[in-house]
Every structure is written in C-alpha cells, then in structure tokens.
Amino acid sequence: VARPSRLNLALITGLSCVTLLVSRPAQAQYLYGITNGGSLYEINPVTRYTSLVFTQPITTMTSANGLAWSEANQRMFYFGTVGSSLNFYTWDRTTGIQTQITGSIPAGPVASGTYYGGYYWFVRNNSDNLLRVSFDFSNPSAPKVSSFQDFDHFGGVSDLGSYGFGDISVRASDGMLFGSSNKGIFRVNVSTGTPTGFTSINSDATLYQLG
C-alpha cells in the first residue's frame, strides 16, 4: 500500500486513540493513531516520523475511538460517530481497504477497545460493561458482526458503578485485560473468552492512559 511522505511526529496532534502494531519482524514496532475526523496515522516511535495511511472519506465524522489491532487478521478496528450514528469500521492492512462493518452493532458510547482471542473487546463508557464482539469475514469485502455479548460488572455480580475511560489492553501471554479509568487501574482475566476475577489495582483517578 503506497503511503504519503512522512511527517514529523511533533506535527500530528488531536489523535483520539492509539494502538500498537507488532507485525513487522526485525523492524521497529509501530503505533497507529486515529483523529476524531477519521484520519489514520502510522507512527514510528524510533524515527519519530508518521505516515498518513488514509483519511476517512466521511467528512461528517465527529469522533473516533476503540482503535484495536488484530495480528491474525491483519486488520484494524474502530468506531466512528457520523451524525447521530455510531458506525463500526475495519481497515485491512494487506489490501489497504477500509470497510464499514455491518450486522447487529453493540450500542455505545465506546470508550476504548482491544483485540484478543479472536474477539474485539470494548468498554461502554461511563459504565462497568465489557463487551465481546465476534465477526464473520466469509465475505472480506463485507465483514459483519456475527454475535456479541455484554458482560455487566466486568463479568462479576456486584455493581461497580460508572467507569469513565481511559484505555484497555490485554497481556497476550495470559489473557489478562488491564484498564485505566476515573476509578484507577484494574484488571480482569479474559483468557477463556469470559471475563473473571475483576481486581482493582489502585484508585488513582488521574491514571486515564496505559503505556
């Protein structure tokens, strides 16, 4: 996929969310960030240069969030708000094609997203709801949500209150999901596909970002 000329990292501002891509062996790791207007940037933290991967053709997009990378599928996922609609998108890194995902889309607002175990996970902002989304890629040009499950209280039984986010990220070695929010840092195990063992690590309300 051809890319425009590189830009100095310091010139790129207003990225609404960033995710890590580790699919290039023997090369530097890359970050991807997306603006609220839907412009996706590839960021090399070593050289401190960025490349504009694409600009969302929908000019009325007002916010984007939940950016997550699937190594197995070589795809990026994210939500974008267009007018009053919350749309779900995927970008195929191999073909360079961005597609809107159809099907029964879970309700937002989406605060943060990650991909693990064949699922897209995201947190509904200002809640304690963790959602797991499955996809049907039998038609690569028209991917759709095949199913989703909404886990109240991060899979527990007790109401944990309203969580403002924040980031989430899964440790691939053991399926431990870590989250940052206005209630501090927490973790929950999603290795089996069902969240269990929610644990609050600290209650520092200033820790909104991971990494």
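The table that follows gives values for the structure above.
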read-out: Condition broken by Ser112, with the remaining ones in (1) free of Cβ contacts under 8 Å to residues at least 60 places away in the same chain; (2) among the polar types (S, T, N, Q); (3) surrounded by 16 or more Cβ atoms within 10 Å (Cβ to Cβ); (4) closer than 21 Å to Trp69 by Cβ satisfied; value: (1)
read-out: Test set (1) open to solvent by 50 Å² or more (accessible area, probe 1.4 Å); (2) outside any strand (DSSP E or B) - Pro106 fails condition number; value: (1)
read-out: Cβ pairs under 9 Å, 6+ apart, first in the range 64-78 and more than 11 Å from Tyr89 (Cα to Cα), second of a type in the set (Asp, Glu); value: Asn73/Asp92; Gln74/Asp92
read-out: Val190 being touching a strand residue (DSSP E or B) at 6+ places or on another chain (Cβ under 6 Å), open to solvent by less than 20 Å² (accessible area, probe 1.4 Å), of a type outside the set (Ser, Thr, Tyr) and closer than 15 Å to Phe79 by Cβ; value: no
read-out: Residue pairs meeting the criteria (Cβ under 9 Å; at least 6 apart or on separate chains; first within 29 Å of Asn87 (Cα to Cα) and open to solvent by 40 Å² or more (accessible area, probe 1.4 Å), in the range 23-46; second modelled with pLDDT of 85 or more and among the acidic types (Asp, Glu)); value: Leu31/Glu42
read-out: Residues being out of contact with any His (no Cβ under 8 Å at 6 or more places or on another chain) and crowded, with 16+ Cβ neighbours inside 10 Å - total across the range 146-163; value: 6
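The values are calculated or read from the model by the stated rules, or taken from the named source; none is laboratory data. Worth saying up front: this structure is predicted, and the values here are computed from it rather than measured. Every residue, glycine as well, gets a Cβ built from its backbone with ideal geometry; the counts of neighbours run over all protein chains shown. Just so you know, the surface numbers come from the protein's heavy atoms only, side chains and all, with ligands and any DNA or RNA stripped out. Shrake-Rupley method; radii C 1.70, N 1.55, O 1.52, S 1.80 Å.
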